[in-house]
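Q: Below: one structure in structure tokens.
Just so it is clear, none of the values below were taken in a lab; they were calculated from the coordinates. All of these numbers come straight from a predicted model, not from anything done at the bench. Reconstructed Cβ throughout: ideal geometry from the backbone, glycine too, with neighbour counts over all protein chains shown.
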There are 2 protein chains.
Amino acid sequence: MAHRVRVIEDGSVTTTPGFEAAGIAAGIKADGAPDLALVRSAQSCVGAAVFTTNLFQAAPVVYDRATLHRNPTGLRGVVINSGCANACTGDQGLRDAEATAAAAAQHLGGASGDYMVMSTGVIGQLLPMDVLLAGVETAARGLATTVEAGHRAARAIMTTDTVPKEMAVQVETETARFTVAGMAKGAGMISPNMATLLVVFTTDAIIDHDLAQQALLTAVDASLNMITIDGDMSTNDTALLLANGEADMPRIASAQSAEYAAFCDGLTRVAVGLAQGLVRDGEGATRFIEIRVTGAANRAEARQIGMAVANSALVKTAIYGQDANWGRIVCAVGYAGVPLDPNAVRVWLGELELVRDGGPHQIDEERASEILAQTDIPIRIDLGRGDTEVTVWTSDLSHAYVDINAHYRT
Amino acid sequence: MAHRVRVIEDGSVTTTPGFEAAGIAAGIKADGAPDLALVRSAQSCVGAAVFTTNLFQAAPVVYDRATLHRNPTGLRGVVINSGCANACTGDQGLRDAEATAAAAAQHLGGASGDYMVMSTGVIGQLLPMDVLLAGVETAARGLATTVEAGHRAARAIMTTDTVPKEMAVQVETETARFTVAGMAKGAGMISPNMATLLVVFTTDAIIDHDLAQQALLTAVDASLNMITIDGDMSTNDTALLLANGEADMPRIASAQSAEYAAFCDGLTRVAVGLAQGLVRDGEGATRFIEIRVTGAANRAEARQIGMAVANSALVKTAIYGQDANWGRIVCAVGYAGVPLDPNAVRVWLGELELVRDGGPHQIDEERASEILAQTDIPIRIDLGRGDTEVTVWTSDLSHAYVDINAHYRT
């Protein structure tokens with residue numbers, strides 16, 4: 001039997017057995033919205049994480065990297081605040097991250113080195129530690145294993161997000177049955193290689209640390225690294241996987257095992273689901289744009305082309321305006337930096353083959369308008385160079401994007 | 001005596017002795033705005049040009065590249081149309097470019113290989129050749145050496161530009177006195193390495209072809225390649241220099257000569273003036289942003305940092321919103337790809353040193369708001385890695401940008 005991945009309706013991080021969560025309004029955000037989340041496991045967890053590649057790494061990123069290095073198999077949970085990114089905050093920021101983890105240990109059990117911390121919000125401001133530490137104590141009292149508790153956590157990590165992003169799947173193989181769940185936030189500063197993007201995955205799978213890390217990289221590469229909203233990469237991006245090993249299954253100890261393949265598949269499904277959710281909720285987004293790049297010589301060039309088109313302000317505004325301005329698509333393909341033959345490139349909007357042999361082909365403005373009037377916009381670009389394909393996702397560039405970002409701090 | 005460069009008020013391409021120009025409404029644009037320009041020299045010209053690096057090269061770019069290669073010292077002029085880019089138009093597009101040059105020869109004298117052509121406007125549509133050819137004949141009858149004729153040409157090459165961009169300088173050395181003038185168009189698709197950017201420089205300097213080409217590259221590298229409006233690079237970018245050799249001076253035949261230095265200086269002054277004019281007239285621009293990157297190890301990394309900040313949608317919207325959100329600046333510095341030490345980076349807004357030692361320094365929101373209320377926004381970023389500095393220019397990202405680009409074709 002091949003493995004099976006089934007989506008669990010109304011899933012949350014607490015859908016995975018053995019995990020509790022909480023989400024409260026601690027008072028970090030001026031408007032009183034929820035701003036503090038906890039996720040805790042009853043058992044010690046194997047951890048895996050990927051972080052932003054921005055050189056300005058926020059204090060929680062620096063702290064988490066060191067913590068995971070010291071304690072890759074004994075993690076108990078994570079404290080996440082929104083409203084303040086604790087980025088560009090120097091030594092004090094790092095001390096605040098440590099103090100947050102210490103408070104988690106005090107109220108949730110275990111040692112301070114068992115807890116990760118994440119922050120998202122405005123860069124360059126110190127965390128209001130009195131409010132935050134009081135919040136950790138309050139949130140700890142509200143921890144619950146219910147799906148509602150997971151939903152509250154997913155809401156508490158939102159900033160300019162308008163809806164929480166959550167997903168859970170159940171994975172079954174001949175020998176194993178386990179859950180993979182996740183929550184994510186991020187609507188601006190979303191870009192290649194992650195952004196003000198925080199993701200927490202929970203699983204009860206039993207898996208070695210190095211394989212968990214490898215599976216996370218694989219899943220992120222096909223999901224979070226394939227989306228862009230505005231091309232900006234943040235200082236705080238973190239995706240964390242906590243595996244508490246409570247499932248009834250043999251340990252996943254080989255990358256060649258059927259169970260590892262199943263785990264990768266389940267994790268990727270959740271990661272893609274969350275990534276698509278992030279794009280759909282992109283700042284000011286009115287369209288969900290799927291750009292499938294086919295006929296590439298390799299994944300790197302396929303992604304390069306897809307991202308050039310996805311990040312083009314002219315493509316994004318044209319789609320916002322429901323204008324089938326395909327010239328802007330080929331223009332972005334042409335400057336992406338891949339040494340392709342322009343005459344071999346083909347471009348489709350839905351089923352319409354717009355470009356072929358270096359010029360317009362099947363131009364049907366009426367049908368194009370119909371396609372562009374829908375929420376989901378399918379674009380395909382064939383490079384005619386090979387057999388590799390990659391899909392990237394992005395949103396359009398609207399007036400609302402400018403509204404949101406012109407006055408984010410004020 | 002060192003050379004002297006003096007700006008000539010109210011300059012145009014016809015400020016240079018020996019050049020005539022015309023600009024008319026030929027009927028290419030549906031709204032009846034001027035859309036066809038001619039620039040002609042009485043004498044044969046040494047030509048030099050730089051073109052877009054986009055792989056989808058518009059037909060006029062392909063045509064001009066070949067023409068300049070065959071005839072580097074015998075050019076007579078250029079025909080420029082706006083409203084239709086003649087890009088992604090296959091073999092027919094190339095035939096149309098050739099026919100345009102042939103019409104120029106017929107009505108202006110000389111051979112078809114003596115004329116360059118340029119087009120800007122919508123990608124993927126064929127030129128309306130009957131209208132265009134009739135227009136060339138009409139425009140030829142209107143050729144004049146007056147500055148007003150130059151102004152008419154500068155207006156006829158505009159698309160979403162709101163004002164024409166023109167400049168002229170007079171250069172004097174001990175042995176020479178000559179003029180360098182130019183006109184440019186482009187307000188969207190402006191990006192590193194040129195864009196839907198058309199520039200024509202005229203000069204009466206006497207200069208060898210290879211030195212003219214070298215001087216053009218030098219001038220463009222410090223001007224047109226240092227601006228970005230939306231990060232999109234077009235299929236049509238062309239900057240053309242026509243040197244008719246009518247000045248009373250010794251031939252510039254050595255890159256070590258004082259006259260060559262003076263020529264480069266004058267050409268760069270005009271190129272920077274036009275480039276800044278393009279940014280000030282950027283689509284929807286409400287701010288002119290000057291980003292000076294200092295303390296870099298070399299020009300390439302300085303430009304890379306400057307362009308990352310200049311292209312950040314988050315930085316541009318923050319400045320539009322008059323929000324001193326410096327975190328977005330350091331964030332862009334951090335993902336630009338230069339391996340710098342974040343703690344060595346310093347950022348100034350005007351005279352305010354916002355960032356130092358990896359964190360906020362001289363934060364004065366009131367003073368920052370005053371600076372951001374002005375039209376010209378000076379930002380300085382010091383990398384602490386060396387002695388090289390570079391300046392790039394960009395505009396902000398406003399609601400009007402989205403307006404203009406969501407409905408460009410409709």
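Q: With +1 assigned to the C-beta of every Lys and Arg and -1 to the C-beta of every Asp and Glu, and no other charges, what is the dipole magnitude of the range B:1-83 about the Cα centre in debye, to the nearest 20?
A: In total the dipole reaches around 340 debye.
Q: Counting C-alpha atoms alone, how compact is the range B:288-406: give Rg to one decimal and Dmax as a whole number, in angstrom.
A: Reported Rg and Dmax, both Å: 13.7, 42.
Q: Using a label point 7 angstrom from Cα along Cα-to-C-beta, what distances in nm, from shortest up, separate residue B:43 from the other copies?
A: Counterpart label points of residue B:43 in the remaining copies fall at 8.9 nm.
Q: Now for a separate question. Exactly which GluC sites (Glu not before Pro) in the range B:1-99 are in a DSSP loop and have at most 10 other Cβ atoms within 10 Å? Before the final figure, lay out each step's value.
A: Details: sites: B:9, B:20, B:98; in loops: B:9.
When the GluC sites (Glu not before Pro) of the range B:1-99 are filtered for loop state and at most 10 Cβ neighbours within 10 Å, B:9 remain.
Q: Right, another one. So, how do all the Cα-to-Cα distances of the range A:320-382 break down into 10 Å bins, in percent, from 0 on up?
A: Spelled out bin by bin, the range A:320-382 gives 22, 55, 22, 2 percent.
Q: Within 10 Å of each candidate Cβ there may be at most 14 other Cβ atoms; applying that plus a DSSP loop requirement, which GluC sites (Glu not before Pro) in the range A:305-410 survive?
A: A:351
Q: Give the shape of the range A:76-170 as rounded, prolate or oblate, defined through the alpha-carbon gyration tensor: a ≥ b ≥ c are the square roots of its eigenvalues, a/c under 1.5 means rounded, and otherwise the shape is prolate if a/b is larger than b/c and oblate if not.
A: Verdict is oblate for the range A:76-170.
Q: Copy-to-copy spacing for residue A:146, label 7 Å out on the Cα-to-C-beta vector, in nm, shortest first?
A: Distances to the matching label points in the other copies: 8.3 nm.
Q: When you look at the Cβ of every residue in A:332-340, what mean number of other chain Cβ atoms sits within 10 Å?
A: Whole-number average of other-chain Cβ neighbours for A:332-340 is 5.
Q: Please get the size of the charge dipole for chain B, origin at its Cα centre, with Cβ charges of +1 on Lys and Arg and -1 on Asp and Glu, quoted in debye to the nearest 20.
A: For this selection, approximately 500 debye.
Q: When only alpha-carbon atoms are used, what values of Rg and Dmax, in angstrom, describe the range A:7-90?
A: 14.8, 42
Q: For the range B:89-192, with only Lys/Arg (+1) and Asp/Glu (-1) charged at the beta-carbon, what is the dipole magnitude about the Cα centre, in debye rounded to 20? Before the final figure, lay out the partial values.
A: Details: 7 positive and 11 negative charges, 47 e Å.
Roughly 220 debye, rounded to the nearest 20.
Q: Okay, next question. Which order do the peptides B:305-315, B:206-216 take when ranked by the mean count of other beta-carbon atoms within 10 Å per residue, highest first?
A: Ranking the peptides B:305-315, B:206-216 by packing returns B:305-315, B:206-216.
Q: Here's something else I'd like to know. Enter the mean number of other protein chain beta carbons within 10 Å of the beta carbon of each residue in A:389-399, as an integer. Don't jump to the answer; show the numbers that get you there.
A: Numbers: counts 0, 0, 0, 0, 0, 0, 0, 2, 7, 3, 7.
Counting other chains' Cβ atoms within 10 Å and averaging over A:389-399 gives 2.
Q: Here's another thing I want to ask about it. Please work out the C-alpha center-to-center distance from the range A:38-107 to the range B:347-410 and express it in whole Å.
A: Result: 31 Å between the Cα centres.
Q: What does chain A give for Rg and for Dmax, in Å, if only its C-alpha atoms count?
A: Reported Rg and Dmax, both Å: 21.6, 66.
Q: Counting only other chains, and only Cβ atoms inside 10 Å, what mean value do you get across the residues of A:312-325? Before the final figure, lay out the partial values.
A: On the way: counts 6, 15, 11, 2, 4, 11, 5, 1, 4, 9, 3, 6, 1, 9.
That works out to 6 on average.
Q: Going through the range B:219-308, which trypsin sites (Lys or Arg not before Pro) have at most 14 other Cβ atoms within 10 Å and a DSSP loop state? Write out the running numbers ahead of the final one.
A: Values: sites: B:251, B:269, B:280, B:287, B:292, B:299, B:303; in loops: B:251, B:287.
Passing sites in the range B:219-308 are B:251.
Q: So, one more: Taking H as built 1.01 Å from N, whose amide H comes closer than 5 Å to the amide H of residue A:8, not counting residues under 5 places away?
A: A:168, A:169, A:170
Q: Still on this structure, I have one more. Looking at chain B as a GNM with Cα springs under 10 Å, which of B:357, B:204, B:96 has the largest mean-square fluctuation?
A: So, out of B:357, B:204, B:96, the one fluctuating most is B:357.
Q: Going by the alpha-carbon gyration tensor, a ≥ b ≥ c the square roots of its eigenvalues, is the range B:346-399 rounded (a/c under 1.5) or, if a/c is not under 1.5, prolate (a/b greater than b/c) versus oblate?
A: oblate
Q: Would you mind listing how long the range A:89-231 runs along its three principal axes, going by Cα atoms, in whole Å with the largest first?
A: Projected onto the principal axes, the Cα atoms of the range A:89-231 cover 50, 39, 30 Å.
Q: So what's the range A:116-179 giving for Cα Rg divided by 2.2 N^0.38 Å, two decimals?
A: After normalising by residue count via 2.2 N^0.38 Å, the value is 1.51.
Q: So, one more: Hey, for residue A:66 with labels 7 Å out along Cα-Cβ, what do the inter-copy distances come to in nm, ordered shortest first?
A: Copy-to-copy label distances for residue A:66: 6.5 nm.
Q: Return the whole-Å distance between the Cα centroid of the range A:1-19 and the Cα centroid of the range B:262-277.
A: If you average the Cα positions of each part, the centres end up 63 Å apart.
Q: Here's something else I'd like to know. Percent of Cα-Cα pairs per 20 Å bin, from 0 to the last occupied bin, for the protein assembly as shown, please list those.
A: 16, 43, 29, 11, 1
Q: Okay, next question. For the range A:15-64, which semi-axes, largest first and in whole Å, follow from the square roots of 5 times the eigenvalues of its Cα gyration tensor?
A: Computed over the range A:15-64, the values are 22, 22, 8 Å.
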